[in-house]
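First up is the structure itself, then whatever we jot down about it.
Just so it is clear, none of the values below were taken in a lab; they were calculated from the coordinates. Model, not experiment: these values are computed from the prediction. Glycine gets a Cβ as well: all are built from the backbone with ideal geometry, and neighbour counts include every protein chain shown.
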Amino acid sequence: MKLSYVSDQRFFHYMDKWYTTSTFPLKEMSEALKITEWCFYGRIIEIEELSSSLYCIEMPQDVNVYFKGLKSKSKSINRFRMLFKSFGIFRGLKKEAIDSQIIYLKLPFLFSVLLGLFYKKSSNQKIITHMVGDPSLSISATMGKKYFLVSKVFAKLCKIVIRKADYSFFVSRDLLKKYSSSNSNSHVINESRVKKEEVIKKENSDFPKEFKAIYLGRLSPEKNIVNIVKAIINLNKEEKIHLDIYGSGVMQTEIEKIIIENDAKSFIKLKGKVKWGKELFETIREYSVLILPSETEGLPLVLVEAMSQGVPCIASNVGGIPEIVKSDYNGYLIEPGSIEDIESSILKLKYNKEFYRQMSKNCLVTVDEYTLESQMDKMQKAIENGK
């Protein structure tokens, strides 16, 4: 059975191997959906030097895997270039889709929307949509308010594509509620890569001697990282709390400036990127709390990763976050934009040892339903049962 996996994802080719910017459960998805042939359709980038931040896609021995798409020399995305080439992109998509039994459209991405809108499937084909973010919020949040109308139009196009699908997957109940169609089988299935074997067996019973906070993710405006920095600076006037920021992005210069202006280099550090997997999990375990005060989110997997290591989370009450973070249970929900909420939540965790230990234990209970195995099981049952 052939599956065409469509997204705007970047696929890097180097020395006869393929890489992505995050891990991909090719083996597990192939087994769940009984796939013997994969076509990944996205942005193809030939590289001359391998970056340590890229992940090699492990190819199952019994699955034929190949890559097609828009070839590019740049790692950055140029949406206007992709729109200009949309006719050629659609022809390439149609060519691969026509002999596929399953067409897997990852939303909200341009390639997926193009194929979903204009491709007429045959009777023996199934279309699966998987929505991982809210275009009505994310486009204007990342590209600026001037793209507000564009985000609303694109969200409507995504809804049309979902109505045409045989199965619709969403990473959160919030997205399902906003975008689900009565014409399709809808299920909440996230993109967790955390395996059961990677979840620690016992909660963090040792209360942290030094209270350390961590941020993991893109350094972009919608993540509100400046608010974390300001909260930690405020707290360190009377407290001793350390913050490490992992990631890269357009906000790095501004964050560095705030740290220097407030003489905060001794307790706030920019650490760069950390590789997913063993290195990431070992890094997370060094911290007392993960903070994610975003303006908009689908269901951020960094919360699953933190909880898998028994680390409570302070995160914004937006998108799918309230589905995993429960105040006074495994972390705290805060209002996006509220520096005061960040400060008070940190202090609640810092000064209640028994409460902190119970929260750590609760994190492991929560994460059990968010492992890779549980999500693949949901996907398999959704396809087999057709409901």
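Among Asn262, Asn224, Asn330, the largest mean-square fluctuation in a Gaussian network model of the chain (Cα springs under 10 Å) belongs to Asn262.
Between 0 and 90 degrees, the angle of helix 225-235 with respect to the longest Cα principal axis of the chain falls at about 10 degrees.
State to the nearest 20 debye the size of the charge dipole of the chain about its Cα centre, where the only charges are +1 on K and R beta carbons and -1 on D and E beta carbons.
Details: 59 positive and 47 negative charges, 312 e Å.
Rounded to the nearest 20 debye, it is 1500 debye.
For the pair Lys381 and Ser344, label points projected 7 Å from Cα toward Cβ lie 3.9 nm apart.
A DSSP coil position with no more than 15 other Cβ atoms inside 10 Å describes the following trypsin sites (Lys or Arg not before Pro) in region 228-269: Lys237, Lys240, Lys265.
Projection of the Cα convex hull of region 196-368, averaged over all directions and equal to a quarter of that hull's surface, yields 8.8 nm². The fewest-to-most ranking of Thr36, Thr371 by surrounding Cβ atoms within 10 Å reads Thr36, Thr371.
So which GluC sites (Glu not before Pro) in region 230-275 pass both tests, a DSSP loop state and at most 16 other Cβ atoms within 10 Å of the Cβ? Working shown, then result.
Numbers: sites: Glu238, Glu239, Glu254, Glu256, Glu261; in loops: Glu238, Glu239.
Those that pass, being in a loop and sparsely packed, are Glu238, Glu239.
For the chain, the convex hull spanned by the alpha carbon atoms encloses 140 Å³ per residue. Fully extending the segment from Asn124 to Lys156 would add 8.8 nm, taking 0.36 nm per residue of separation and subtracting the current Cα-Cα distance. With the simple spin-label model, which puts each label point 7 Å out from Cα in the Cβ direction, the Lys361 to Met15 separation comes to 4.8 nm.
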